[in-house]
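Each reported figure results from applying straightforward, stated rules to the coordinates on display, with no laboratory input. As the structure is a prediction and not an experimental result, all values here were calculated from the model. So basically every Cβ, Gly included, is an ideal-geometry build from the backbone, and we count neighbours across all protein chains shown.
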Amino acid sequence: MGKYFGTDGFRGEANKTLTADHAFKIGRYLGWYYGKEHKCKVVIGKDTRRSSYMFEYALAAGLTASGADAYLLHVTTTPSVAYVVRTEEFDCGIMISASHNPYYDNGIKLINSRGEKMSEAITDDIEKYLDGLTPELPLSTGEEIGRSVDYVAGRNRYTGYIISLAKHSYKNLKIGIDASNGSTWMLAKNIFDTLGADTYVIGNSPDGVNINLNCGSTHIENLCNLVKEKKLDIGFAFDGDADRCLAVDEKGSVLTGDHILYFCALYMKSKDELDKNTIAATVMSNLGLFKALEKNGINYVKTDVGDRFVYEAMNQNGYCLGGEESGHIIFSKYASTGDGLITAIKIMEVLIESKLPASSLCEAFKTYPQLTVNIKVTDKNAATSDPEVLDAVKKASDKLADNGRILLRKSGTEPVVRVMVEATTDEICVEVANSIADIIKSKCF
């Protein structure tokens, strides 16, 4: 990770950590870098945060000042930007979003021409330019100045693509959606209505400051209540930029990313569609997922936390399914990134073809109690390498043995160290996590 760009782009509080000037300079660099030998084309999407409009204009100004053409998708999802980039020959894409964070945060996610996260080599060079460590870039003049293009057509093509992935009609199915007052606030209902569902939507009244506010995949209790109240067949909750999807079964119980990986893996294996009989998951996935996969003869690999690392493992090894407990699920046959809408479509495929209620899809999956404690620190490296802390983790891990595990890791986006504990009871999780957290706090890293 660099000074500004973490595991999911340049993220921070708007006009404090991440400013309009940063956005302008990022646009300037990308327009210059990709426009050295031809007229550069960059596609930009944004979520519904108030500051997203400011960053959109700043990025477009920087791009056009460097001679690039900026194509504006307007309010759309992160996966839609990745789709448009890789299918319509753009040099790169930019998504303006801080995903599941509160409205006052924002972020700039950079996507390469293959629809993947941009390489660290390029973001490192952008950081040098932001810090004034490289010469100033030339400004385009005259007819070489770039232009901004309204490109809603690109978003519409993405919508058509999502609809085309559905193998069945959703007629007579009652589906709930929590759009998180974010990128899918109109998109999701249009898709499910087109497929014939009786669609119930909440979190679809964005006002610039209510994205992710007590709604969406981080506050899924509202969708649980909707599903139970309206007696729906299933519900889907997205985050602010819709690269995540969690589900709620007909009883109002939450289906996490781990549950989704589990029943999708079983379904794909039964159809002989699970390449190499292996999925990719992160070290934060529940121990119950790994045990359930083992019982069903399905292999798995564990990656570092972040959909970037999941995708890299999938791409390098030829796996077609991977994801995170948080709901980033990647179906690499259809997308180069986590896509909440594709995840929902694939869940519906499993649900319809199994002819089972959603609550039956994970009957054999036993979730281990899990607790994550976040400790604010000023030096994440020191906190996670301290001998006393590591010794405490080892002793607790030895005591848990095969009945649990402990993970100590640095946040990729915040000044936080996370202690995650899984065990057979909630009480053991609390005891172990707090004992390690107390040591970290006492040392004042």
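Assorted remarks:
- FRET efficiency, 1/(1 + (r/R0)^6) with R0 22 Å, evaluated for GLN316 and THR7 via beta carbons: 0.80
- Neighbour-count order for MET118, MET348, fewest beta carbons within 10 angstrom listed first: MET118, MET348
- Ranked list, fewest to most other Cβ atoms within 10 Å of each Cβ, for SER285, SER80: SER285, SER80
- Reported value for the stretch 5-156: 101 Å³ per residue, from the convex hull of its C-alpha atoms.
- Cross-link check: pairs LYS394/LYS441; LYS46/LYS366; LYS109/LYS380; LYS171/LYS230 evaluated at a Cα-Cα cut-off of 28 Å; pairs beyond the cut-off: LYS46/LYS366.
- Gyration tensor verdict on the stretch 108-199 (Cα atoms; rounded if a/c is under 1.5, prolate if a/b is larger than b/c, oblate otherwise): prolate
- Taking other Cβ atoms within 10 Å as a rough exposure proxy, SER140, SER442 sort from fewest to most as SER442, SER140.
- Charge-dipole axis of the stretch 370-442 as Lys and Arg at +1 and Asp and Glu at -1 on Cβ define it, positive-most pick from THR372, LEU400, THR384: THR384
- Between GLU89 and GLU229, residue separation times 0.36 nm minus the direct Cα-Cα distance comes to 45.8 nm.
- Across the stretch 345-445, Cα-Cα pairs more than 17 Å apart make up 58 percent of the total.
- Unsatisfied cross-links (Cα-Cα over 27 Å) in the set LYS295/LYS410; LYS41/LYS167; LYS3/LYS399; LYS269/LYS355; LYS3/LYS395: LYS295/LYS410; LYS41/LYS167; LYS3/LYS399; LYS3/LYS395
- Binned Cα-Cα distance frequencies in the stretch 275-404 - 5 Å width, integer %: 2, 9, 14, 18, 20, 15, 10, 7, 4, 1, 0
- Among beta bridges that DSSP assigns inside the chain, antiparallel share in %, nearest 5: 50 percent
- Where a label projected 7 Å from the Cα of ASP124 along Cα→Cβ would reach, residues of the stretch 1-18 with amide N under 14 Å: 1-5
- Cα gyration tensor, the stretch 251-323 - rounded (a/c under 1.5), prolate or oblate: oblate
- Tensor-based shape of the chain (alpha-carbon gyration tensor, a/c under 1.5 rounded, otherwise prolate or oblate): oblate
- Segment LYS251-ARG114, extension gain: residue separation times 0.36 nm, minus the distance between their alpha carbons: 45.3 nm
- Note on LYS376: aspartates and glutamates with a C-alpha under 14 Å away, same-chain residues under 8 apart excluded, are GLU414, ASP438.
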